[in-house]
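The values are calculated or read from the model by the stated rules, or taken from the named source; none is laboratory data. In this text the structure is predicted, and so the values were computed from the model without any measurement. Cβ sites come from the backbone with ideal geometry, for glycine too, and all protein chains shown count toward neighbours.
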């Protein structure tokens with residue numbers, strides 16, 4: 001009887017979870033078409049990100065989120081490659097080409113140095129693959145961000161103090177710890193017989209929360225689309241190439257390295273990063289350029305589950321297992 005009542009009350013939210021991809025697309029459209037609404041929602045992005053962290057741990061459970069020691073070592077290596085090695089290599093190339101001071105170059109460098117997106121595990125879940133590796137990479141990525149970002153900011157001394165990044169990173173890490181603790185307590189209170197229904201409800205709430213977040217992040221995009229459509233098209237093409245290119249290349253490398261089941265999660269994490277953390281350490285004259293880049297970057301992020309669903313299905317066919325442990 002309890003299960004029937006729960007299922008009936010939660011049906012609209014479960015329906016949102018089943019159609020999460022459509023809801024994310026609707027969020028993008030609303031963010032572009034309703035700039036005033038985007039501006040009103042922008043102040044609530046921080047709390048919504050914390051809610052997404054809570055929901056991510058709640059969905060997969062603390063054990064799956066933490067992983068085994070061997071998995072943690074592999075995850076750390078992946079995070080170091082993505083958040084430190086790749087952006088440092090890019091910084092060296094940009095410096096050699098004399099482009100390190102260009103706003104687009106700075107935005108790209110910061111994007112590659114950022115920790116994985118908090119909504120990444122939910123995006124992986126929408127593709128039908130295991131989201132636990134993405135959650136582990138996200139948590140670990142934030143944990144080591146205070147250290148991986150230092151060599152990157154060495155190349156950008158005019159764009160903020162590494163000490164400010166350290167402070168912001170530790171605050172975000174504290175939020176993750178609190179979200180994980182709260183999710184663990186709530187998960188223990190869910191009866192075993194309701195776990196499946198609860199997972200569907202969590203997926204629905206996550207889709208709605210992510211849609212609201214993207215509306216707030218699109219506040220700068222609508223005005224540019226109206227007044228400078230060519231600039232919007234060029235930037236959109238660039239962020240799609242950057243995001244999807246990283247996802248596909250890293251996912252294929254992960255499969256080739258012997259971890260096909262975790263390849264979708266690693267790919268999603270590689271292309272979808274949390275740049276919002278850096279907004280607090282950038283000088284005001286760069287904020288507008290970064291916000292436009294950040295807004296446009298949300299479009300490939302929120303279209304990942306639709307546009308790359310077939311690709312990830314070929315990289316790691318759902319239902320097949322691997323003899324190797326995932327990261």
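Please list, ordered by first then second residue, the pairs with beta carbon atoms under 6 Å, 6 or more apart or interchain, first in segment 106-131 and modelled with pLDDT of 90 or more, second in a strand (DSSP E or B) and buried (at least 24 other Cβ atoms within 10 Å of the Cβ).
Within 6 Å, the pairs are 111/273; 114/273.
Taking helices (runs of 4 or more DSSP H) that fall entirely within segment 185-256, which contain at least 3 residues that are buried (at least 20 other Cβ atoms within 10 Å of the Cβ), in contact with a helix residue (DSSP H, G or I) (Cβ under 6 Å, 6 or more places away or on another chain) and in contact (Cβ under 8 Å) with a residue 12 or more places away in the chain?
On the way: elements: 195-217, 221-227, 229-256.
Of the helices (runs of 4 or more DSSP H) lying wholly inside segment 185-256, those with at least 3 residues that are buried (at least 20 other Cβ atoms within 10 Å of the Cβ), in contact with a helix residue (DSSP H, G or I) (Cβ under 6 Å, 6 or more places away or on another chain) and in contact (Cβ under 8 Å) with a residue 12 or more places away in the chain span 195-217, 229-256.
Just to be sure before I move on: is residue 295 modelled with pLDDT of 90 or more, outside any loop (DSSP other than H, G, I, E, B), touching a helix residue (DSSP H, G or I) at 6+ places or on another chain (Cβ under 7 Å) and surrounded by 22 or more Cβ atoms within 10 Å (Cβ to Cβ) in the structure I sent? Write out each step before concluding.
Values: modelled with pLDDT of 90 or more: no; outside any loop (DSSP other than H, G, I, E, B): yes; touching a helix residue (DSSP H, G or I) at 6+ places or on another chain (Cβ under 7 Å): yes; surrounded by 22 or more Cβ atoms within 10 Å (Cβ to Cβ): yes.
Spelling it out, it is not the case that residue 295 is modelled with pLDDT of 90 or more, outside any loop (DSSP other than H, G, I, E, B), touching a helix residue (DSSP H, G or I) at 6+ places or on another chain (Cβ under 7 Å) and surrounded by 22 or more Cβ atoms within 10 Å (Cβ to Cβ).
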